[in-house]
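The values are calculated or read from the model by the stated rules, or taken from the named source; none is laboratory data. Small disclaimer: the values here were computed from a predicted structure and weren't measured. Note that we place each Cβ from the backbone using ideal geometry, even for glycine, and neighbour counts take in every protein chain shown. Only protein heavy atoms, including side chains, enter the accessible area calculation; ligands, DNA and RNA are left aside. Shrake-Rupley method; radii C 1.70, N 1.55, O 1.52, S 1.80 Å.
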Amino acid sequence: VYLIPPVFPGPCRILRNKMSSGERFDCHYCKDSLLGKKYIMKEDTQYCTKCYENLFANCCEVCSLPIGCNFRDLSYKDHHWHEQCFKCAKCSRSLVEKAFAAKEDLLLCTECYAHDYSSKCSTCKKTVMPGSRKMEYKGNSWHETCFLCHRCQQPIGTKSFIPKDSGYFCVPCFEKQFAYQCCACKKAITTGGVTYQDKPWHRECFLCIGCRKQLSGYRFTSRENYPYCLDCFSNLYAKKCVGCTKPISSLAGAKYISFEERQWHSECFTCMQCSVSLVGRGFLTQRDDILCTDCGREK
C-alpha cells in the first residue's frame, strides 16, 4: 500500500502567438496556421490544441476521455485522471491533493482503506491507520506505542524481544525474570546451554579444567567434581603403560593387560626379547622383564 499524493505533470505550456501577420507559423502536424490561435510547444515543436490532444493527450482511467490541454492531468503509476474524476472508489470523495491508498487497482481515501483493509491493534483494538508505523508478529499487529514489554511496560519498537506465555519481553527484562545464569560467567543463558551436576552453563563456558577445550558435544569425565576431556584426564590420572609409558585410558575403550600392579596396552604386551605378542599366551618373568616361554627357557 502506498500513501502518496498524486503527481500533477505539466509537460506542456499553452501560449498565445505574438508574431506579426506577415510570418508563417503553422502546426507541425496538420500544417494549419497558428497565427492568432492557441498552440502548445512539445520538445521545441508547436502543435495546435486539437492535434496535440489527438497525438499526445492521456486518456482518463474513469471516463476514458482524453485529458485536454485545459485540464489538469493527474497521474499515478502510469495511470491518468481528470481532476474531477480522481475520486475514492468507495465513497467518491475527491482525492486531489490528499493522501490515498492503492488496493487491487482501486484508489481509496485513507478512511475507506482503514475501515476495509487495515489491521486492528491487538492491545487497544483500534485501527492501525495506513502510513503509521506498526509492529507485526505471528499474524498480530500493534501500534508502535502499544507494543510494550510485559515487565517494564516500555515500547519495544525495533529492538529484539522474546515471547513468553502470552506476553512479550525485551531481552534485558527476559534475562532478569526467566533466564538461567551461567555458573561460570554469571551471565544469562538465552539460547542453548548445557547442564552439568544440576548447574547451567553456556556451551562456550563449559570447558575442560585442564586444557580449557570446549566440552559440549564431546565425551568427558570428572574428578572431584571438575570436568576433564579424556586426554587431560588420561595424562593426569591414568596408569602408564610399562611398554610405551603412555597413559592407558579405559575411558577411550583401550584394552590393557595388568600383572603384579603393572599395566600394558594390549599391543605393548610383548616378549622383551623376540617381541611376539603375549596376549592369551603363557609367559615367564625375569626380574622386570616378561618373556615368552621359548625365550625364557633359553635363558
Note, ³J(HN,Hα) from phi for the stretch 90-107, Karplus 6.51, -1.76, 1.60, rounded to Hz, x at Gly and Pro: 9, 9, 6, 6, 5, 9, 4, 6, 10, 5, 8, 10, 9, 9, 6, 6, 10, 9
Shape metrics for the stretch 119-177, restricted to C-alpha atoms - Rg then Dmax, Å: 11.4, 36
Mean separation of Cα contacts under 8 Å (6+ apart) over length of the stretch 160-244, as relative contact order %: 14
Between residue 119 and residue 171, what is the label-to-label distance in nm when each label sits 7 Å out along the Cα-to-Cβ direction? 2.3
Per the 1.4 Å probe, what fraction of the accessible area of the stretch 238-298, in percent, lies on carbon and sulfur atoms? 48
What is the stretch 238-298's relative contact order, in percent, from Cα pairs under 8 angstrom and six or more apart in sequence? 22
Taking a ≥ b ≥ c as the square roots of the Cα gyration tensor eigenvalues, with a/c under 1.5 meaning rounded and otherwise prolate when a/b beats b/c, else oblate, which class fits the stretch 238-298? prolate
Stretched out fully, how many nm does the piece from residue 158 to residue 203 gain, at 0.36 nm a residue minus the Cα gap? 13.4 nm
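Could you do me a favour and compute the accessible area per residue for the chain, 1.4 Å probe, result in Å²?
I get 66 Å² per residue for the chain.
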What percentage of the solvent-accessible surface of the stretch 119-177, computed with a 1.4 Å probe over protein heavy atoms, is contributed by carbon and sulfur atoms? 49
Please tell me the relative contact order of the chain in percent, rounded to the nearest whole number, where contacts are Cα pairs under 8 Å and at least six residues apart. 7
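Stretched out fully, how many nm does the piece from residue 50 to residue 284 gain, at 0.36 nm a residue minus the Cα gap?
71.8 nm
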What accessible surface, in Å², does a 1.4 Å probe find on residue 117, ignoring ligands, DNA and RNA and rounding to the nearest 10? 100
Distribution of pairwise C-alpha distances over the stretch 183-235, 5 Å bins, in %: 4, 21, 32, 24, 12, 5, 1, 0
Suppose R0 equals 45 Å; then what is the FRET efficiency for residue 136 and residue 38 from their Cβ-Cβ distance, rounded to the nearest 0.05? 0.25
The stretch 71-115 versus the stretch 228-279: alpha-carbon centroid distance in Å: 88
Here the chain gives, from Cα atoms, an Rg and Dmax in Å of 44.6, 144
